[in-house]
Amino acid sequence: MIVVNPIGAMLVYNSLTTSMDFETKRGVAAYACRLSAVVLIFFTLFGSHLLSLFGITINAFTIAGGVLLFGIGMEMVYARTSRAKMTATEKYESIDADEVSSMPLAFPMIAGPGTITTVIVLSKDVPLFTDPIHLGIIIASILVTIIITYTLFIFAEKISNHIGQREYRVVNRLMGIMLMAIAVQFIITGISNAFPSLVS
């Protein structure tokens, strides 16, 4: 749950869905959490085998996720209109709502490189069919975290209503800076692990 950071995801969710109506917001929250759960469970079961098959390292996931988070943080700090914001026409077509659900909410905010890395590391030494108890514990932990995240998403607007517009903009920019810092740390960690000679 610490890796997912549901509170941080809630703030980003609230920022990206400001122009949406209640039903659209709830749909975004449900789809993002559902997609995240599927992704995390999939990587729990098959992640290490899949990455080995395609020659992809966990460090590559970490660096890629950091780049994505940095871009999101930049938009929040400079208060730019994100591509995730919906136009009047697209609002009814739910095009951008689907985009927001999948990226950046599902990935990399909820099922990000840190979370994917965690579930792969926890499950890589657990036999897929001979040790169902340990796999069940990991999957149950994922589901509990997703439920908590979804609950925070649903009440995000009520929480933000107690914060003034000026204070909210300040919090939004501070959150953007935090996201950029997390992104840079992701990139540093990924590069350090991939090229240990650079930091020795």
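Of note:
Quick grid of which residues meet (1) in a helix (DSSP H, G or I); (2) modelled with pLDDT under 75; (3) in contact with a Pro (Cβ under 7 Å, 6 or more places away or on another chain):
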site	(1), (2), (3)
Thr62	yes, no, yes
Val67	yes, no, no
Ile72	yes, yes, yes
Ser82	no, yes, no
Lys91	yes, yes, no
Ala97	yes, yes, no
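- Test for Thr18: is it part of a helix (DSSP H, G or I), open to solvent by 10 Å² or more (accessible area, probe 1.4 Å) and either farther than 17 Å from Met109 by Cα or among the hydroxyl-bearing types (Ser, Thr, Tyr) (or both): no
- Note on the stretch 21-60: residues that are of a type outside the set (Ser, Thr, Tyr), farther than 30 Å from Arg169 by Cα and not in a helix (DSSP H, G or I) amount to 2.
- Only listed residue being open to solvent by less than 70 Å² (accessible area, probe 1.4 Å), modelled with pLDDT under 80 and among the hydrophobic types (A, V, I, L, M, F, W, C), chosen from Val171, Val199: Val171
- Pairs where the first residue, in the stretch 6-21, is at pLDDT below 80 and the second is not hydrophobic (A, V, I, L, M, F, W, C), C-beta under 6 Å, 6+ apart: Pro6/Thr149; Ser15/Asn172; Ser19/Lys85
- In the stretch 142-156, the residues that are farther than 24 Å from Asp21 by Cβ reach residues that are open to solvent by 70 Å² or more (accessible area, probe 1.4 Å) with C-beta atoms within less than 7 angstrom, at least six apart or across chains, in these pairs: Thr145/Met1; Ile148/Met1.
- Total residues in the stretch 99-114 satisfying the condition of being assigned to a helix (DSSP H, G or I), crowded, with 24+ Cβ neighbours inside 10 Å and out of contact with any Leu (no Cβ under 6 Å at 6 or more places or on another chain): the figure is 6.
- The residue pairs whose first member lies in the stretch 49-60 and is under 13 Å from Ile120 (Cα atoms), whose second member is among the small types (Gly, Ala, Ser) and assigned to a helix (DSSP H, G or I), and whose beta carbons are closer than 6 Å, counting only pairs six or more residues apart or on different chains, are Asn59/Gly190; Asn59/Ala194.
The values are calculated or read from the model by the stated rules, or taken from the named source; none is laboratory data. Values in this document were obtained by computation on a predicted structure and should not be read as measured data. With ideal geometry, Cβ positions are generated from the backbone for all residues, glycine too; neighbour counts draw on all protein chains shown. Each accessible area value is taken on the protein alone, full model and side chains, heavy atoms only, with ligands, DNA and RNA left out. Shrake-Rupley method; radii C 1.70, N 1.55, O 1.52, S 1.80 Å.
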